[in-house]
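What follows is one structure encoded as structure tokens, with my remarks underneath.
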Amino acid sequence: MKKKKILANNEIRAKEVRLVTEGRDHFGIVPIEKALQIAKERGLDLVQITDNVTPPVCKVIDYGKYSYEEQKKKKKQSKDKKTQVKSIRLGFSISEHDMEIRVKSAIKFLNEGDSVRVVLPLKGRQKALEGVGRERVQKFLEMLQEKEEIKIERDVKKEPRGITVTLTKK
């Protein structure tokens with residue numbers, strides 16, 4: 001991912017800019033020379049905020065402070081994106097109460113922003129009773145749906161080790 005450089009002062013190549021000051025005063029469209037002069041008079045920098053419009057929007061602010069705030073924003077965004085996949089394991093002959101406990105755990109994980117992977121491993125002769133396993137997983141999903149709105153990311157699917165489904169919060 002290419003890092004976008006923040007253009008400031010003499011690095012701005014546009015002939016005219018849409019000027020905004022720190023106090024949100026709008027000067028409108030002014031020549032670059034006048035914008036640089038205004039910034040110099042105030043002892044601040046002329047920083048290009050957006051370049052995808054014509055003329056580009058520039059702001060009279062402290063360059064160091066602005067770049068620091070932008071770095072903080074990017075860091076927070078990348079921090080927010082990281083979600084974990086938590087796994088909940090159901091047994092083939094799981095009791096009603098144990099399933100309720102697993103539902104509470106799943107709700108806790110979903111509220112923390114994680115996605116939940118429900119796994120029902122099938123061993124030996126249980127592999128022949130795949131339908132019963134699917135019913136157990138469906139019952140778990142119904143119990144969970146009663147208490148929390150969920151979105152199924154990956155449908156109930158048979159894998160070599162058992163039956164899985166991945167969920168997130170709506």
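The values are calculated or read from the model by the stated rules, or taken from the named source; none is laboratory data. Everything numeric here is computed off the predicted structure, so don't read it as measured data. Glycine gets a Cβ as well: all are built from the backbone with ideal geometry, and neighbour counts include every protein chain shown.
Numbers for the structure displayed
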read-out: Test: residue in the stretch 63-81 that is surrounded by 10 or more Cβ atoms within 10 Å (Cβ to Cβ), part of a strand (DSSP E or B), out of contact with any Cys (no Cβ under 8 Å at 6 or more places or on another chain) and not assigned by TED's automatic domain parsing to the domain that holds VAL165; value: no
read-out: Matching residues, the stretch 142-170, being buried (at least 18 other Cβ atoms within 10 Å of the Cβ) and assigned to a helix (DSSP H, G or I); value: LEU144
read-out: Failed criterion for LEU167 (all others in (1) closer than 13 Å to VAL103 by Cβ; (2) over 22 Å from the mean Cα position of the chain (by Cα); (3) of a type in the set (A, V, I, L, M, F, W, C) hold); value: (2)
read-out: Scan of the stretch 4-32 for residues that are surrounded by 10 or more Cβ atoms within 10 Å (Cβ to Cβ) and assigned to a helix (DSSP H, G or I), ordered by number; value: ASN9, GLU11, ILE32
read-out: Answer from GLU100, GLU96, GLU69 - the residue that is farther than 19 Å from GLU159 by Cβ and within 22 Å of the chain's Cα centre (by Cα); value: GLU69
read-out: Residue in the stretch 36-52 that is loosely packed, with under 15 Cβ neighbours inside 10 Å, of a type outside the set (Phe, Trp, Tyr) and either closer than 30 Å to LYS104 by Cα or under 33 Å from the mean Cα position of the chain (by Cα) (or both) present; value: yes
read-out: Hits in the stretch 46-61 - residues which are of a type in the set (D, E, K, R) and at pLDDT 85 or above; value: LYS59
read-out: Candidate set: the stretch 106-134, residues that are farther than 20 Å from ASP155 by Cα and not basic (Lys, Arg); chosen: the one surrounded by the most Cβ atoms within 10 Å (Cβ to Cβ); value: GLN126
read-out: Residue match in the stretch 44-52 (condition: within 25 Å of GLN71 (Cα to Cα), assigned to a strand (DSSP E or B) and free of Cβ contacts under 8 Å to residues at least 24 places away in the same chain); value: yes
read-out: Residue that is over 21 Å from ARG13 (Cα atoms), without any contact (Cβ under 8 Å) to a residue 40 or more places away in the chain and in contact with a strand residue (DSSP E or B) (Cβ under 8 Å, 6 or more places away or on another chain), where the choices are GLN71, GLN84; value: GLN84
